[in-house]
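For reference, the structure is listed below as structure tokens.
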Amino acid sequence: MISIHFCGAVGGVTGSGYLVDTGKARVLVDFGIFQDGDDQRERNRSLGPVDPRRLGAVVLTHAHIDHCGRLPLLMANGFTGSLHATPATLELLEVMLEDMARIEEEDTRRINRRRRRAGEETIRPLFTSQQVGQLLQRARPMRLGQMAEVATGVRARAVEAGHILGSASIELHIDQDDGERCLVFSGDLGPGGAPILRDPEPPAAADLVVMESTYGGRPRPDTRRAVAEFKRIIEQAAAAGERVIIPAFAVGRTQTVLYYLAEAVREGRLSPDFPIYLDSPMATRATQIVGAHPELYDDETRRLREHRQLEADLRGLRIIESVPESIALNDSDHPCIIISASGMCEGGRVIHHLKHNLWRRNAHVLVVGYMAEGTLGRKLLERPERIEILGEHIAVRADIHRIEGFSAHAGHEELLNWLSPMTTTHPRVILTHGEDEARRALALAIGKRFGLSAECPGIDDVIRLE
């Protein structure tokens, strides 16, 4: 009998993790951090049902923090198994986890100075750079489409998920006394027709499917309309000699923004020499990794790369490496586009760019991603008259634009289309990684279209597959 323990991302979209026990081996699929709720720090410190000493392997769908951010905790608790993911995912994983460890260590030092002054006990960082290094030593690359033995009686195959570079849905083929069982974990699924990446590839058959439901019950915002609005704002701001600040997630969203800026140049809407600054060390490293994996591109992006078109389009692109260079951008008011992390405006260099530009009437802020409740990005979308940044009250005179449609998640119909080929084998369907309303809507649609009863487990629930 196979059991699956749900460690997160049920009734929410963060903390993904699934512990699979085959009776002969234990395999963990993803183990991400929680990014919602007042108790997220405590939840992130908990391993839940996962005993790293009894864990044979980890299989990772992709390198976003809500899928991988708790993995270094395994090293502090006796993990000696192997970590399997696509080569691009492993490269991005190093970037993401090293950056997170650095922030954790810096934040912990600052918090502990305050706690010591108050006579309180000090705290530990969630994990350290050393533990990240130990985890990466256990990494085993797993190429798309190839079967790999990951634990006793368990083979894994990664198939294209189209979400971010290297992202994959995972098939686990598990030996049982009466034959093989196939478990499919969708990971995060991308939309069809997105730039740079190939479309998701649905597996052909499964006994059980654990499927994301982020956009359950609703279509993805129209990408063409979003891109047209994005280009219109960029074109008008450049023509008027104004500044544009774009907060963007380092992995995925930054590369999409650069792609559409290059497209605007080819269409004659933006000069190829117009200054564009990429001011995020992590985004720079991620963009370099994307450039190193053309085998994962769609046909259009591969053609552009072969003709070196992308480099020719963005002649004005400059990579900002040092803090002094970043500061210098705000010592002048020359027209430019600044792309900087973090995506929700909760940290990183973008905070300083907002502080120095929000008060300007000749500035624009383009919000191209989801902004969680309580974040600075969400507060900006409410267009307040002034806002507090780094302890200073800043007037908000810049134009704030919300661009919806850049999401890297599949919409409702795309989710159903991805599941469709597997329904011929009548799998058990489990919906995760979505708000409860989204899960219920997708479950209802799956029942109507395919005659399958989709389940919506809660955190720490266990299901068993005979």
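Taking only DSSP H segments of four or more residues, each worth -39500 (n - 2.57), what value at 222 nm results for the chain once the sum is divided by all its residues, to the nearest 500 deg cm²/dmol?
-9500 deg cm²/dmol
I need the calculated FRET efficiency for the pair residue 121 and residue 375, taking r as the beta carbon distance and R₀ as 22 Å, to the nearest 0.05.
Rounded to the nearest 0.05, the efficiency is 0.15.
Report the calculated FRET efficiency for residue 134 and residue 239 (r = Cβ-Cβ distance, R0 = 51 Å), to the nearest 0.05. Before the final figure, lay out the partial values.
Values: r = 52 Å, r/R0 = 1.02.
Efficiency at R0 = 51 Å is approximately 0.45.
If we count every other residue with Cβ under 15 angstrom of residue 251's Cβ, Lys/Arg +1 and Asp/Glu -1, where does the sum land?
-4
Taking Cα atoms of the range 223-402, Rg/Rh with Kirkwood Rh, to two decimals?
Details: Rg = 15.8 Å, Rh = 16.6 Å.
Value, to two decimals: 0.95.
Tell me, how many Å apart are the Cα centres for the range 140-191 and for the range 296-321?
31 Å
What spacing in nm lies between the two simple spin-label points modelled at residue 269 and residue 333, each 7 Å away from Cα in the Cβ direction?
2.7 nm
Using Cβ contacts closer than 10 Å as the measure, can you line up 420, 322, 213, 342 from fewest to most?
322, 420, 342, 213
Distance between the C-alpha centers of the range 197-225 and the range 372-443? Whole Å please.
14 Å
Order these by the 10 Å Cβ neighbour count, fewest first: 432, 375, 424.
Fewest to most other Cβ atoms nearby, the residues stand as 424, 375, 432.
Based on the Cβ-Cβ distance of residue 110 and residue 437, what FRET efficiency does E = 1/(1 + (r/R0)^6) give at R0 = 35 Å, to the nearest 0.05?
0.35
Calculate how steeply helix 281-291 sits against the longest principal axis of the alpha-carbon atoms of the chain, using the helix alpha-carbon long axis, and give the answer as 0 to 90 degrees to the nearest 10.
70 degrees
Which whole-Hz ³J(HN,Hα) couplings does the range 306-315 yield from phi under the Karplus relation 6.51 cos²θ - 1.76 cosθ + 1.60, θ = phi - 60°, glycine and proline marked x?
For the range 306-315, the Karplus-derived couplings read 4, 9, 6, 6, 4, 5, 5, 5, 9, 5 Hz, x marking Gly and Pro.
Sum up the charges of everything whose Cβ sits under 12 Å from the Cβ of residue 407, counting Lys and Arg as +1 and Asp and Glu as -1, but leave residue 407 out.
-1
Over all alpha-carbon pairs in the range 38-111, figure out the percentage whose distance exceeds 14 Å.
Of the Cα pairs, 66 percent sit more than 14 Å apart.
Working only with C-alpha atoms, what are the Rg and Dmax values of the chain, expressed in angstrom?
Reported Rg and Dmax, both Å: 22.5, 71.
Taking the Cα-to-Cβ direction at residue 322 and at residue 175 and moving 7 Å from each Cα, how far apart do the two end points lie in nm?
According to this spin-label approximation, the distance is 5.8 nm.
Just need the relative contact order of the chain here, percent rounded to a whole number, with Cα pairs under 8 Å and 6+ apart. Working shown, then result.
Working: 1016 pairs, mean separation 89.2, N = 466.
This gives 19 percent for the chain.
Expected output is a single nm value to one decimal: the length gained when fully extending between residue 201 and residue 355, i.e. 0.36 nm times separation in residues minus the C-alpha distance. What is it?
Difference between extended and current length: 51.2 nm.
Let me know the charge dipole size of the range 155-272 about its Cα centre in debye, to the nearest 20, where only the beta-carbon of Lys, Arg (+1) and Asp, Glu (-1) is charged.
Magnitude of the dipole: close to 840 debye.
How far apart, in nanometres, would the label points at residue 41 and residue 455 be if each is projected 7 angstrom from Cα along the Cα-to-Cβ direction?
3.6 nm
Non-local amide H neighbours of residue 434 (under 5 Å, H modeled in plane, Pro and chain starts lacking H): which ones?
Here 11, 12, 213 satisfy the definition.
Please work out whether the range 315-455 counts as rounded, prolate or oblate from its C-alpha gyration tensor, where a ≥ b ≥ c are the square roots of the eigenvalues and a/c under 1.5 means rounded, while otherwise a/b larger than b/c means prolate and anything else oblate?
Prolate is the answer for the range 315-455, as a/c is 1.5 or above and a/b outweighs b/c.
Under 14 Å from a point 7 Å along the Cα-to-Cβ line of residue 103: which residues of the range 335-358 have their amide N that close?
Taking a point 7 Å out along Cα→Cβ of residue 103, the residues of the range 335-358 whose backbone N falls under 14 Å are 340-352.
What percent antiparallel are the DSSP beta bridges of the chain, to the nearest 5?
Values: 37 of 75 bridges.
About 50 percent, rounded to the nearest 5.
Suppose we keep just the DSSP beta bridges with both residues in the range 223-402; what percent of those would be antiparallel, to 5?
15 percent
Which one, 282, 176, 195, is farthest towards the positive end of the dipole of the chain when Lys and Arg carry +1 and Asp and Glu -1 on their Cβ?
Comparing the listed Cα positions along the dipole, 282 ranks first.
Please compute the Cα-Cα pair-distance distribution of the range 67-204 with 5 Å bins starting at 0, giving whole percents from short to long.
With a bin width of 5 Å, the distribution comes to 2, 9, 15, 16, 16, 14, 10, 7, 5, 4, 2, 1, 0.
Between residue 222 and residue 413, what is 0.36 nm times their sequence separation minus the Cα-Cα distance? Round to one decimal in nm.
Using 0.36 nm per residue and subtracting the Cα-Cα distance, I get 67.4 nm.
Bear in mind these aren't lab numbers, they're just calculated from the coordinates by the rules spelled out. Values in this document were obtained by computation on a predicted structure and should not be read as measured data. Using ideal geometry, Cβ is built from the backbone for each residue, glycine included, and neighbour counts are taken over all protein chains shown.
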